[in-house]
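Inspection log for the structure reproduced underneath, given as structure tokens.
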Amino acid sequence: MGKKRTRDAEAQDNDPTVDKMDQDSDSDDDDMDIVNVDFELFNYDRDIDFHGVKTLLRQLFDADAQLFDLSGLSDLIIEQNTIGSTCKVDDKANDAYAILTVLNVGEHRSKKPIAQLIEYLGDRAQAAGSGLAESVPELLASDKAVVGLVLGERLINMPAEVIPPMWSMMIDEIEDAVEDKEPYEFTHYLVVSRAYYEVASSLDERKQKKAREESRLLYFHPEDEEMRKHAAAAGSYAFTKEAESVADSKRAFQEMGVKSQGFMMLIEAAKFDGAVKAIAEYVGSAA
């Protein structure tokens, strides 16, 4: 990783040390075309990032995206521009290929997007079980716990190697914010993500039930499998609007035998740094 990005947005724009992750490949094979792509991390920019952030949030919440004020949530994320990152290619003015941020649930609980998420995640935690049902609703409603809601998503087929620097950068930014007496001293982190089951293709309905019973949970974000080892509780849940989803992309998933699920992990603050270091090692060893 490069040097830590400045928390001042204007200074960052002129800072040549902004984090850059290079995917460089060398090959002597004349038959192969090599494309070198530079992924860069940027602070959120209200003049550029609204539509890109909203699009990735819609992907993150899948069939249930319609339940939320995604415009308001996108604005909250962008306004908090010194915490979290966008990952882009070529230029800051482009749409984000990946996003990551953390929002203080208590600080924003009176705002519509967070109030919606508190109700939704509490309900889905009940459906997920696995320890989430006992802890998440209580923590989200508590005035004593300080819950950081972690939202991150990326385009499908983005290389996993770009993700650990985003997590490490966010930890650094949280530490700086706490030093500046800003409200980011969390007791818990609730990470919202996505997963899926492999099921029989919808083209062969007779095998669907048996395949669902035999399949295991898989992850759209491979690092989630490692991060959940550090979680106090974790589990998947069905989307409430799944039956109403008729988008072509959903139909294609079903036809290929992929059943999307919501997925969340509750991580105690004391274990969060270790979880981030673990996923960096995991992604590095899998590369």
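The values are calculated or read from the model by the stated rules, or taken from the named source; none is laboratory data. Keep in mind the model is a prediction, meaning the values are calculated, not measured. Methodologically, a virtual Cβ is constructed for each residue, glycine included, from the backbone with ideal geometry; neighbour enumeration extends over all protein chains shown.
Being modelled with pLDDT under 95 and not hydrophobic (A, V, I, L, M, F, W, C) holds for only one residue in 237, 184, 189, 282, and it is 282. Taken over the range 146-159, the criterion of being of a type in the set (A, V, I, L, M), in a strand (DSSP E or B) and under 18 Å from residue 88 (Cβ atoms) is satisfied by 151 alone.
Here the range 63-106 is the region considered, the condition is being among the aliphatic types (A, V, I, L, M) and in a strand (DSSP E or B), and the residue that is farthest from residue 272 (Cα to Cα) is 89.
Can you go through 42, 68, 50 and tell me which one is farther than 25 Å from residue 263 by Cβ, hydrophobic (A, V, I, L, M, F, W, C), surrounded by fewer than 19 Cβ atoms within 10 Å (Cβ to Cβ) and in contact (Cβ under 8 Å) with a residue 24 or more places away in the chain?
One residue alone meets the criteria, 50.
Scanning the range 126-145 for residues that are in contact (Cβ under 8 Å) with a residue 60 or more places away in the chain and part of a loop (DSSP other than H, G, I, E, B) yields 129, 130, 131.
Residue 232 meets each of the listed conditions (1) touching a Leu at 6+ places or on another chain (Cβ under 8 Å); (2) within 21 Å of residue 62 (Cα to Cα); (3) surrounded by fewer than 19 Cβ atoms within 10 Å (Cβ to Cβ); (4) at pLDDT 90 or above apart from (2).
Among the residues of the range 78-86, is there at least one that is surrounded by 22 or more Cβ atoms within 10 Å (Cβ to Cβ), at pLDDT 95 or above and of a type outside the set (Val, Ile, Thr)? Yes - at least one qualifying residue is present in the range 78-86.
Annotation: residue 224 fulfils all but one of (1) at pLDDT 95 or above; (2) part of a strand (DSSP E or B); (3) closer than 29 Å to residue 257 by Cα; the unmet one is (2).
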